[in-house]
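Remarks on the structure that follows.
The values are calculated or read from the model by the stated rules, or taken from the named source; none is laboratory data. Note that this is a predicted model, so its numbers are computed, not measured. When we count neighbours, we look across all protein chains shown, and the Cβ atoms used for this are built from the backbone with ideal geometry, even at glycine. Heavy atoms of the whole protein, side chains included, go into the accessibility calculation; ligands, DNA and RNA do not. Shrake-Rupley method; radii C 1.70, N 1.55, O 1.52, S 1.80 Å.
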Amino acid sequence: MNQYLIISFQAVVLFPIVVAVFTLPYIAYNYHKYGSILSLKVVIVYSFIFYLLCMYCLVVLPLPTPEEAAALHGHRMQLEPFLFVKDIIKKSDVIPGEPKTWLTVVLNKAFLVNILNLFLAVPFGMYLRYYFKRSFSQTLILSFLLSLFFEITQLTGLYFIYSGSYRLFDVDDLIVNTIGGIFGYILVRPLMIILPSRDELDEVSYKRGREISLFRRVISLFFDIASVSIITILNRPLLQHYHIFRAFEINLLLYFSILPIFTKGFTLGSFITSTAVVSTDGGHPRFFAYFIRYGLFFGVYFYIPLYIRRILDNFILINTDASKDMGVITIEILLYLLYFLFLLVAVIKAALHRSLFYERWSKTRIESTVKVK
């Protein structure tokens, strides 16, 4: 298999790992700024990440074998600008009167390697102009810096992991990659007529951000539960007489019932997702409304099924009649089916932007705090 295809396959293998690390901050950023996540933006951003990952893999892979690494000493540099032009001429067999020999200019290795370096940087310039809205001068500088980063990676032997550089630091690569970025900046212009602009994408994102989606609620809850978990670990010495689960419950109650009173309806999760709890008339809720809201939410959706299980477990333990145990198991299954249907209805209502029972009883609702620019 071609070496470039092998390296590209390795980039494909590494891509899910990079995505896993990048996704949560990306979700948090988009919900905080726009209040929504636009699928087209996701495609553009993740394709850009995959492109950079492929470039990086082409720079650092294949790694030297242990034997080759042991022989590495010093750091090699080629500092003569435009030496590649001399190499192309040197490796070409052009005879002025024979047009067939002209092909040796474009078919020799020196030319093909530099053309590859040129086209590798073209998408970078295209992304910078189209999605990141960078100017010509910014694209020029950033293309140069990207190439410099790759060349330093090679010069330092993968950041001094190896005792010497296993690839050459070449000033011509800096020149060619920078030119490639500029070409990308120029070539993307016709595509920008067809594709929606970044401003149009942002406008759609802001428009969607005015609504509170189900996924937005889930992400907010995720950050809040993570925050309560961290708080539980940090203040464990203060609550050491309580079981860890009981300590978590105490922190959960304080976090959702007390914190929003002082932060005007915000928790960490709602701050990240640009949402806040407000009263149904649009003002700040009464101080006890938070306790009612979150008490009902966690009590019904989490604690009722948990304590039903505990009650049934106690009933089973004191039973010696197997037929009664079978009856309890049947009741348990039916109760969980009812709970599942209740939860499913709640999820559907949330997805349809309808108020849930704990919102009606506490006279509160979630409001988007995204500020359209």
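Which one is modelled with the highest pLDDT, of the residues in region 237-264 that are touching a Phe, Trp or Tyr at 6+ places or on another chain (Cβ under 6 Å) and within 18 Å of PHE302 (Cβ to Cβ)? Even if it seems obvious, please write down each step before you answer.
At the first step, the residues of region 237-264 found to be touching a Phe, Trp or Tyr at 6+ places or on another chain (Cβ under 6 Å) are 256-257, 260-261.
With the extra rule that they be within 18 Å of PHE302 (Cβ to Cβ), the set shrinks to 256-257.
Working: PHE256: 94, SER257: 91.
Here the residue is PHE256.
Scan the helices (runs of 4 or more DSSP H) fully inside region 1-86 and keep the ones with 3 or more residues being among the aliphatic types (A, V, I, L, M) and out of contact with any helix residue (DSSP H, G or I) (no Cβ under 7 Å at 6 or more places or on another chain).
Values: elements: 3-33, 39-60, 66-70.
In region 1-86, 3-33, 39-60 are the helices (runs of 4 or more DSSP H) which contain 3 or more residues that are among the aliphatic types (A, V, I, L, M) and out of contact with any helix residue (DSSP H, G or I) (no Cβ under 7 Å at 6 or more places or on another chain).
Can you tell me which residue in region 154-188 is farthest from ALA110 (Cα to Cα), limited to those that are of a type in the set (Phe, Trp, Tyr) and at pLDDT 95 or above?
The residue in question is TYR185.
Return yes when GLY327 is open to solvent by less than 70 Å² (accessible area, probe 1.4 Å) and at pLDDT 80 or above and no when it is not. If you could, list the steps in order and put the result at the bottom.
Working: open to solvent by less than 70 Å² (accessible area, probe 1.4 Å): yes; at pLDDT 80 or above: no.
Spelling it out, it is not the case that GLY327 is open to solvent by less than 70 Å² (accessible area, probe 1.4 Å) and at pLDDT 80 or above.
Find all pairs meeting these conditions: Cβ atoms under 9 angstrom apart; at least six residues apart or on different chains; first residue within region 168-179 and farther than 10 Å from PHE144 by Cα and not assigned by the TED database to the domain that holds LEU140; second residue open to solvent by 30 Å² or more (accessible area, probe 1.4 Å) and not in a helix (DSSP H, G or I).
none
Pairs, please: C-beta under 9 Å, at least 6 apart or cross-chain, first residue on the phi < 0 side of the Ramachandran plot and in region 55-70, second at pLDDT below 80 and open to solvent by less than 60 Å² (accessible area, probe 1.4 Å)?
Sorted first by the residue in region 55-70, then by its partner, the pairs are CYS57/ILE7; CYS57/SER8; LEU58/ILE7; LEU58/SER8; LEU61/ILE7; PRO62/ILE7; LEU63/ALA69; PRO64/LEU72.
Counting only residues that are open to solvent by less than 20 Å² (accessible area, probe 1.4 Å) and of a type in the set (Val, Ile, Thr), give me the helices (runs of 4 or more DSSP H) lying completely in region 107-193 with at least 1 of them.
Of the helices (runs of 4 or more DSSP H) lying wholly inside region 107-193, those with at least 1 residues that are open to solvent by less than 20 Å² (accessible area, probe 1.4 Å) and of a type in the set (Val, Ile, Thr) span 109-130, 136-155, 171-187.
Looking at this structure, is TYR294 within 33 Å of the chain's Cα centre (by Cα) and modelled with pLDDT under 95?
Details: within 33 Å of the chain's Cα centre (by Cα): yes; modelled with pLDDT under 95: yes.
So TYR294 fits the description; yes.
Does any residue in region 264-279 that is under 17 Å from LEU252 (Cβ atoms) come within less than 8 Å, Cβ to Cβ, of a residue that is charged (D, E, K, R) six or more places away or on a different chain, and which pairs are these?
THR267/ASP224; LEU268/ASP224; GLY269/ASP224; SER270/ASP224; VAL277/ARG293; VAL277/ARG365; VAL277/GLU367
Can you tell me how many residues within region 345-373 are over 20 Å from PHE298 (Cα atoms), open to solvent by 40 Å² or more (accessible area, probe 1.4 Å) and hydrophobic (A, V, I, L, M, F, W, C)?
2
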